[in-house]
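These notes are about the structure you will find just below.
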Amino acid sequence: MDTDLKGRHFITTQDWSVSELEKLFALAADLKKAKAEGRLTPMLAARTLYMIFFDASTRTRNSFETGMTQLGGHAVYLSPDKMQISHGENARDTAKVLSRYGEGLAIRHCAYGEGNDYLRDVASHADIPLLNMQCDIYHPCQILADFLTIREKFGKTKGLKLGVAWTSAPNYVRPISVPQSLILMMPRFGIDVTLAYPPEFKLMPEIEDQAGANAEAGGARFEISNTFEDAFEDADVVIPKSWGPLVTTQDVSQGLRL
């Protein structure tokens, strides 16, 4: 593969071809092997990644910070309430300033109807690559990790069945970005996907349509059901996931009642 990925933004796996994603997986496997063997991989020595978190994070923040350390670089945690963003600084100015200081940007912004637009606004003005640490529509890095785990465990992806099933988590209305990213990427690699949810918890129609097109192109099946047993039946992998009824209502109190 002679695909050049230098400087590319990573907002959704849909923006990258299968061959480009395969190059990413190959590099990830090499780095994982090197770590297991105790070999250092200072590929990002003296480089800085700025991470802006509009939303709370445990796993994403720590995995990004740890990854930058393992690659010899430095990750800087930034909270918008401690930045000029809180005083109204626009995406262009934030992108331009941080592009002068570091080599990469990463943003988590999950507010429905806002997050992805903000990421793309920043990316359009940034002179350095931007990574999506989760927005209201996509969570691509999570899905890369899920896919690599599945491939490692089964040694293949073609012909496997993945069940993605909604489950309840009443503490807050969670984003729809994880299930949407799962159904978009997995069928591109030949994984059959059955998505099961109650009628009120549907995903964005355009994402479901694109998942169907991806399945057809990848020689896989994509099905939607309101019966959870359909997701579990004959599945090789099941991912239970809570998400809010954000396509049905943006009223948080109503969403929690559903």
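The values are calculated or read from the model by the stated rules, or taken from the named source; none is laboratory data. Since the model is a prediction, treat every value here as computed from it, not as a measurement. Every residue, glycine as well, gets a Cβ built from its backbone with ideal geometry; the counts of neighbours run over all protein chains shown.
Key figures
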read-out: Subset of region 1-11 (residues that are touching a strand residue (DSSP E or B) at 6+ places or on another chain (Cβ under 7 Å) and assigned to a loop (DSSP other than H, G, I, E, B)); value: HIS9, ILE11
read-out: Out of GLY163, GLY219, sole residue that is at pLDDT 95 or above and loosely packed, with under 15 Cβ neighbours inside 10 Å; value: GLY219
read-out: Top-ranked residue in region 197-216 [being under 17 Å from SER168 (Cβ atoms) and surrounded by 18 or more Cβ atoms within 10 Å (Cβ to Cβ); ranked as nearest to the chain's Cα centre (by Cα)]; value: LEU203
read-out: Residue list for region 46-68, filter: β-branched (Val, Ile, Thr), in a helix (DSSP H, G or I) and under 17 Å from GLN134 (Cα atoms); value: THR60
read-out: Matching residues, region 46-60, being loosely packed, with under 11 Cβ neighbours inside 10 Å and charged (D, E, K, R); value: ARG59
read-out: Residue match in region 74-89 (condition: in contact with a Lys or Arg (Cβ under 8 Å, 6 or more places away or on another chain), closer than 25 Å to LYS32 by Cα and part of a loop (DSSP other than H, G, I, E, B)); value: no
read-out: Which listed residue is modelled with pLDDT under 95 and among the polar types (S, T, N, Q), from SER225, SER181, SER177, SER253; value: SER253
read-out: Test: residue in region 100-117 that is in a helix (DSSP H, G or I) and more than 23 Å from TRP243 (Cα to Cα); value: yes
read-out: Residues that are outside any helix (DSSP H, G or I) and within 19 Å of ALA220 (Cα to Cα), drawn from region 181-208; value: GLY190, ILE191, ASP192, VAL193, THR194, LEU195, ALA196
read-out: Count of residues meeting criterion [surrounded by 12 or more Cβ atoms within 10 Å (Cβ to Cβ) and in a loop (DSSP other than H, G, I, E, B)] in region 18-45; value: 3
read-out: Some residue of region 169-178 being more than 17 Å from the chain's Cα centre (by Cα), closer than 25 Å to VAL247 by Cα and buried (at least 22 other Cβ atoms within 10 Å of the Cβ); value: yes
read-out: Any hit, region 5-28, residues being charged (D, E, K, R), farther than 26 Å from PRO179 by Cα and at pLDDT below 95; value: yes
read-out: Tally of residues being crowded, with 16+ Cβ neighbours inside 10 Å and of a type in the set (D, E, K, R) across region 7-17; value: 0
read-out: Test: ALA91 is crowded, with 17+ Cβ neighbours inside 10 Å, out of contact with any Asp or Glu (no Cβ under 8 Å at 6 or more places or on another chain), of a type in the set (A, V, I, L, M) and at pLDDT 95 or above; value: no
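Residue-by-condition table, conditions (1) in contact with a Cys (Cβ under 6 Å, 6 or more places away or on another chain); (2) surrounded by 13 or more Cβ atoms within 10 Å (Cβ to Cβ); (3) free of Cβ contacts under 8 Å to residues at least 40 places away in the same chain; (4) over 24 Å from GLY218 (Cβ atoms):
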position	(1), (2), (3), (4)
GLY67	no, yes, yes, yes
MET83	no, yes, yes, yes
GLY113	no, no, no, yes
ASP121	no, yes, yes, yes
LEU144	no, yes, no, no
ILE150	no, yes, no, no
